[in-house]
Amino acid sequence: MDRAARLRGLRGLSEPEVLEFGRLYRYAAAELSHVRTHGFDAAELERLNSLVGRAYGLLYVAEPSGWVGITRFYRTELPRTLRRSGRVIALSALVFGAGALIGCVLGITRPDLLAAVSPAMADAIDQLAKRHAPGQDWLPRDFRPIASSLIMVNNAQVSFFAFSTGILLGLGTIYVLVVNGFMLGAIAAGVTPSPAGIQFWAFVAPHGVIELPAIIISGGAGLLLGRALVEPGPHSRLDALRVAGREAAVIMLGVVSFLAVAGIVEGFFSPAVIPVAVKFAGAAALAAAFGSYVLLVGRAPQRATAVTAP
């Protein structure tokens, strides 16, 4: 309870800590009932009554609604949940990166094999090289609002597929991450050496610094589900899946917001015919803002602790 009070409520605790808090609360409430029934020491009754009362106040708190609830979600719950899930998100990044590395190596060393295995991929690389030719305005201004909406929907579909297939012991999520990483690596290897290479990366960078992490984060949410089924720990698989499911739901709400931002950038800023230096500067600013949000926002203030001499 002291730790929860410092963190402004149970939301500051990890999921296992919340489960343990509930167990201890039930135990203390049972002890309080026992003491009241048998008329034990009044000081002990007062101590247990205070303990259970404090716990009750932390446990039964009305959910904030409206803007207060939305602000609280983005300022505390989402970034803290992302940091708590850092390990599975890092694993998701490794799986995605492995797929990208395979696609890149194959695209550089055996482009003929890549074309034979996936003619559609080879055709996409050719189309991208033509589309991003220097000075070409390939996405007219009037079409950008529609394109932005279509981009958001497509990215959301990929992200939710990566998340939802985690219920298949995490194997579906791994497959989605490897395939999408492979496609990115192969396209990067095919387009980069062309005259349109710098224009291609100037287009990808501004929205990619948010879009790619969002897809990787959704993969991490899927791996949370898979881990709960494969390794439930001290809980039953159903309880572990419930805990992981709530954590993953918070993450996916954040992913939707990230993809909305990425879709707006990809629809309006990324295709604009402006100097590539401006686009790369914009990408750096967005990457810094995104990283700062995930790593710094919502951290509880550090309080000095008194040290007493023995």
Counting every C-alpha pair in the stretch 36-188, the percent lying more than 29 Å apart is 50 percent
Taking Cα atoms, the helix 237-264 axis meets the longest principal axis of the chain at an angle in degrees (rounded to 10) of 40 degrees
Extension length gain for T192 and F143 (0.36 nm per residue less Cα distance), in nm, is 15.0 nm
Within the stretch 49-135, DSSP-loop chymotrypsin sites (Phe, Trp or Tyr not before Pro) with at most 14 other C-beta atoms within 10 Å are Y60
Note on the stretch 134-282: the mean projected area of its alpha-carbon convex hull, in nm², is 9.3 nm²
Hydrodynamic calc, the chain: Kirkwood Rh from Cα pairs, then Stokes-Einstein at 4 °C with viscosity 1.567 mPa s, so D in µm² s⁻¹ is 57 µm²/s
Longest principal axis of the chain (C-alpha) makes with the long axis of helix 119-131 (C-alpha) an angle, in degrees to the nearest 10, of 80 degrees
The FRET efficiency for A43 and F161, from their Cβ-Cβ distance with R0 = 51 Å and rounded to 0.05, is 0.30
Magnitude of the Cβ-charge dipole (Lys and Arg +1, Asp and Glu -1) of the chain about the Cα centre, nearest 20 debye, reported as 560 debye
Measuring from the longest principal axis of the C-alpha atoms of the chain, the long axis of helix 42-59 (C-alpha) lies at a number of degrees, nearest 10, equal to 20 degrees
The orientation-averaged projected area of the Cα convex hull of the stretch 46-117, in nm², is 9.3 nm²
Cα pairs beyond 16 Å in the stretch 2-61, in percent, come to 46 percent
Pseudo-spin-label distance S14 to L59, built 7 Å along Cα→Cβ, given in nm, is 2.2 nm
PRE zone check, label point 7 Å out along Cα-to-Cβ of R237, amide N under 16 Å, scope the stretch 213-227, hits 224-227
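Readers should treat all values here as calculations from the given coordinates under stated rules, not as data from a laboratory. Nothing here was measured: the structure is a model prediction, and the numbers come from that model. Note that we place each Cβ from the backbone using ideal geometry, even for glycine, and neighbour counts take in every protein chain shown.
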